[in-house]
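A.B. asks: Just passing along the structure, written as structure tokens.
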Amino acid sequence: MSWISRLLGGKTKSDVRPQRLDYLNEALVLERQGDYDAALTSYRLALRDTPNDLRVLQNMAIAFSRTGRLEEAVRAYRRALEIDPALSGAHYGLAFLLVKRGDNAGAEKHLQAFLSQPPSGEEAERWIRHAQATLELLRNPAGGVTPPGEG
């Protein structure tokens, strides 16, 4: 083993490869800082590396929503659902974008899909109640039920 090989930890120059950036974590940090446009750039780079990454697609949809780019958010959620039709978070997010768009039938379909396989956990209960209340309001608009956060 040559001295340069020992210096490099037993690796030759051809064994040393540049480390790939973690675009997803970079995007999450940028989002926490409120820089959604930069986060979207990082999400796009992450998708270039892993085009079917559901976490990236869902986080992109959220960032698009927060920047008012609702059509792009809808596309990101729909792409995630093409990959995994049972993805509850995508059904939930898409349902509320469709409510904003006035597509109550589409929203109802996605709320039902979300509620048929809801996430588990303590925080999930809040989202489940919100989906149930919204679904009830969509089915019975005269019933006087106001979804949480809208009353």
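The values are calculated or read from the model by the stated rules, or taken from the named source; none is laboratory data. All of these numbers come straight from a predicted model, not from anything done at the bench. Cβ sites come from the backbone with ideal geometry, for glycine too, and all protein chains shown count toward neighbours.
A.B. asks: Is region 129-137 home to any residue that is closer than 25 Å to residue 68 by Cβ and either hydroxyl-bearing (Ser, Thr, Tyr) or assigned by TED's automatic domain parsing to the domain that holds residue 58 (or both)?
C.D. replies: Within region 129-137, one or more residues are closer than 25 Å to residue 68 by Cβ and either hydroxyl-bearing (Ser, Thr, Tyr) or assigned by TED's automatic domain parsing to the domain that holds residue 58 (or both).
A.B. asks: Take the residues in region 66-91 that are more than 10 Å from the chain's Cα centre (by Cα) and of a type in the set (Ser, Thr, Tyr), then tell me which one is farthest from residue 118 (Cα to Cα).
C.D. replies: 67
A.B. asks: Residues that are among the acidic types (Asp, Glu) and either more than 27 Å from residue 26 (Cβ to Cβ) or not in a helix (DSSP H, G or I) (or both): does region 96-111 have at least one? Even if it seems obvious, please write down each step before you answer.
C.D. replies: Pass one, region 96-111, residues among the acidic types (Asp, Glu): 103, 108.
Now restrict to residues that are either more than 27 Å from residue 26 (Cβ to Cβ) or not in a helix (DSSP H, G or I) (or both): 103, 108.
Checking region 96-111: at least one residue is among the acidic types (Asp, Glu) and either more than 27 Å from residue 26 (Cβ to Cβ) or not in a helix (DSSP H, G or I) (or both).
A.B. asks: Pairs please, first residue from region 59-85 and more than 19 Å from residue 103 (Cα to Cα), second anywhere and of a type in the set (Ser, Thr, Tyr) and in a helix (DSSP H, G or I), Cβ atoms under 7 Å, 6+ apart in sequence or on different chains.
C.D. replies: Close Cβ pairs (under 7 Å, with a partner that is of a type in the set (Ser, Thr, Tyr) and in a helix (DSSP H, G or I)) amount to 59/43; 60/43; 63/36; 63/43; 66/36; 67/36.
A.B. asks: Looking only at residues that are surrounded by 10 or more Cβ atoms within 10 Å (Cβ to Cβ) and under 30 Å from residue 60 (Cα atoms) in region 1-27, which one is modelled with the lowest pLDDT?
C.D. replies: 21
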